[in-house]
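Report on the structure given below.
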Amino acid sequence: MMTSSPYRPVRELEAAIARGELDFALAHAKEVARERRAPLDLGLALDLLTLVAAQQRHAYDGWALRWLGRWIAEAREPTIAQAATLAGSLAEMRRDPSAAADAIRRLAKLR
């Protein structure tokens, strides 16, 4: 017997990102933010940014700059050197989204 699991927008968002479905991921991201009354955490936002880099190159710079600005605002004692290194990795994301995301995750100390 199959039981349906409760609807969890974060899980739906993570699944849409894993499947590479940017439109669905964006819809779920809005729902998660509305439900939490806060922006996505930086790790999930980075996962979404990776999809944008791969699928909407024309919009990537704006997304990447907003992500970097959030990291600067939310990090504990960020330095200009850290921000510059992250900016370099964000610039590389267009070329190799997955590898750049892994580097950013390490540099920004995200999940």
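Things to note:
- Matching helices (runs of 4 or more DSSP H) fully within region 1-76 where at least 2 residues are of a type in the set (Val, Ile, Thr): 9-19, 42-55
- Counting the residues of region 75-101 that are among the acidic types (Asp, Glu) and modelled with pLDDT of 95 or more gives 1.
The rows are residues; the columns are (1) within 23 Å of Phe24 (Cβ to Cβ); (2) surrounded by 12 or more Cβ atoms within 10 Å (Cβ to Cβ).
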position	(1), (2)
Gln55	yes, yes
His58	yes, no
Ala64	yes, yes
Gly69	no, no
Glu92	no, yes
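- Selection from region 77-89 of residues that are closer than 16 Å to Lys109 by Cβ and part of a helix (DSSP H, G or I): Ala81, Gln82, Ala83, Thr85, Leu86, Ser89
- Pairs linking a residue in region 26-42 that is over 14 Å from Tyr7 (Cα atoms) to a residue that is of a type in the set (Gly, Ala, Ser) and assigned to a loop (DSSP other than H, G, I, E, B), with Cβ atoms under 8 Å and 6 or more positions apart or on different chains, are Leu42/Ala108.
- Residue ID - surrounded by the most Cβ atoms within 10 Å (Cβ to Cβ), chosen from residues in region 1-17 that are modelled with pLDDT of 90 or more and more than 13 Å from Leu46 (Cα to Cα): Ala16
- Neighbours by Cβ (under 7 Å, 6+ apart or cross-chain): first from region 52-75, on the phi < 0 side of the Ramachandran plot and small (Gly, Ala, Ser); second buried (at least 18 other Cβ atoms within 10 Å of the Cβ) and in a helix (DSSP H, G or I): Ala53/Tyr60; Ala53/Pro97; Ala54/Pro97; Ala59/Val52; Ala64/Leu49; Ala64/Leu90
The values are calculated or read from the model by the stated rules, or taken from the named source; none is laboratory data. Here the structure is a predicted model, which means the values were calculated and not measured. In this analysis, Cβ positions are derived from the backbone assuming ideal geometry, glycine residues included, and neighbour counts consider all displayed protein chains.
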